[in-house]
Amino acid sequence: MSRGVAGLAASLLAGCGSPAVPPSPAPPLATPATASPAPQLNPPDPPGPAPEGMVWVPGGTFWMGCDREEMSDARPWHLAYVDGFWMDRNEVTNEEFARFVRATGYTTVAERRPDPRDFPGAPPESLVPGAVVFTPPGHPVRLDDHFQWWTYVKGASWRHPEGPGSDLRGRDKHPVVEVAWPDAVAYAEWAGKRLPTEAEWELAARGGQDRKTYGWGDEMKPGGRWMANIWQGPFPDENRAEDGYRGTAPVASFPAEGYGLYDMAGNVWEWCSDWYRPDYYGTLAAAGGVARNPAGPPESFDPQEPGVKKRVNRGGSFLCSDQYCSRYVLGSRGKGEPDTGTSNLGFRCVRGRAP
Ligand SMILES: [Ca+2]
């Protein structure tokens, strides 16, 4: 499967998927009593000097998931352990991605013509390079129809995030977007890194804290301050940008979490290496004990779109609010069709202890 109609259908979930109705049946609510002791994280000491632009995430055992009723795929809480690793302090920027493209001549998925074999019966004129762009209506709409605000735009790509009429001027330090999963993997390999597993990503986002709601604590706006680039106002027609940004923000525009990582909530969604299944945590919890370095299920299945394989996305984006999506909540999950880039989806990389 590739981009186009099916890709668009899948891509909504890269950009804040399930608004209100959880898939059923939902796993039971939280298992750990909030009073239960925090599991053991590893000692914080890095194994050596930090690679440029990376911070050490010590790893250890942590409670993974969350207990929000509408986030059934993030339940139940379960214990996971990950080894320590280096992680990019920031989401990969346009400037960094451009360096990769210059060095390798790489062409992203959005810049390639879709393969007719993936779209039997589609008229050739419809098989054009492009990607999915947030195109908000100027009026309120029902939140169960993502076609109201997502459009497959011919010529949209990382170089032209909103389509041919847009470019990257003034956005060198913004996260690269409109990158498909293979693009992110190719960049990571070029950089001598890899994509994080979902468990690594979540442990990192928690910043050394146990079962908090956000990377900065339990309060959305401590001291009245927005702590991440998300959405303010009724979605998707009224973007009040009270946090200062209507779209992406330059990386590190908001405070870092405990390990020194920026934008782990909001700004853009980030690709992880794992396949997506909504019942994966239930499988791990049923196995009991501590899941050691979980790397996702062997294959993807999403009952909401059974024919579409998906990879995990994490962190939410500038389109998320408490009214819609709210995937900046720690432990919550997103998903996206690997060949589909969207204007609110990017990535960052990790590297293991040994080079
Ligand atoms: Ca914003």
| Given H placed on each backbone N at 1.01 Å, which residues far from Asp302 in sequence or on other chains put an amide H within less than 5 Å of it? | Val308
| Under the Karplus curve 6.51 cos²θ - 1.76 cosθ + 1.60, θ = phi - 60°, whole-Hz ³J(HN,Hα) for the stretch 274-288, x wherever Gly or Pro sits | 6, 5, 9, 9, x, 9, 4, 5, x, 5, 5, 5, 5, 6, x
| note | In nanometres, the difference between 0.36 nm per residue of separation and the alpha-carbon distance of Ala354 and Ser126 is 77.4 nm
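Based on other C-beta atoms within 10 Å, arrange Tyr276, Tyr106 from fewest to most. Could you put the intermediate results ahead of the total?
Numbers: Tyr276 27, Tyr106 14.
Fewest-to-most ranking of Tyr276, Tyr106: Tyr106, Tyr276.
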| Segment Asp145-Glu189, extension gain: residue separation times 0.36 nm, minus the distance between their alpha carbons | 12.2 nm
| Proximal lysines relative to Lys173, as straight alpha-carbon distance under 26 Å, when same-chain residues fewer than 8 apart are discounted | Lys154, Lys193, Lys221, Lys335
| task | Could you tell me whether the chain comes out rounded, prolate or oblate from its Cα gyration tensor? Rule is a ≥ b ≥ c as square roots of the eigenvalues, rounded for a/c under 1.5, then prolate if a/b exceeds b/c, otherwise oblate. | result | rounded
| query | What net charge is computed for the residues neighbouring Gly53, neighbours being all others with C-beta under 14 Å from the C-beta of Gly53, Lys and Arg scored +1, Asp and Glu -1? | reply | 0
| note | Highest GNM mean-square fluctuation among Pro164, Pro114, Pro37, for the chain with Cα springs under 10 Å, belongs to Pro37
| request: For each of Met220, Met264, Met54, count neighbouring Cβ atoms within 10 Å of the residue's Cβ, then give the residues from fewest to most. | output: Met220, Met54, Met264
| Estimated 222 nm signal from helices in the chain, with DSSP H stretches of n ≥ 4 weighted -39500 (n - 2.57), rounded to 500 | -3500 deg cm²/dmol
| Got a sec? How would Ser326, Ser36 order by Cβ neighbour count within 10 Å, fewest to most? | Ser36, Ser326
| note | Placing +1 on each Lys and Arg Cβ and -1 on each Asp and Glu Cβ in the chain, then taking the dipole about the Cα centre, the residue among Gln323, Gly60, Gly138 whose Cα reaches farthest towards the positive end is Gly60
| message | What distance in nm separates the two pseudo spin-label positions at Ala241 and Thr283, each 7 Å out from Cα along the beta-carbon direction? | response | 4.3
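Taking the Cα centre of the stretch 67-195 as the origin, how large is its charge dipole in debye, to the nearest 20, when only Lys and Arg (+1) and Asp and Glu (-1) carry charge on their Cβ atoms? Please list the in-between numbers first.
Working: 16 positive and 21 negative charges, 93 e Å.
Value, rounded to 20: 440 debye.
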| Surrounding net charge for Asn90, when Lys and Arg each add one and Asp and Glu each subtract one, Cβ distance under 12 Å | -4
| message | Can you give me the angle between helix 94-104 and the longest principal axis of the chain, using Cα atoms only, in degrees from 0 to 90, rounded to the nearest 10? | response | 70
| field | Cα lying deepest toward the dipole's positive end in the chain, options Gln148, Ala286, Asn267, charges on Cβ | value | Asn267
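Since every read-out is calculated from the coordinates, none of them should be taken as a lab result. All of these numbers come straight from a predicted model, not from anything done at the bench. Every residue, glycine as well, gets a Cβ built from its backbone with ideal geometry; the counts of neighbours run over all protein chains shown.
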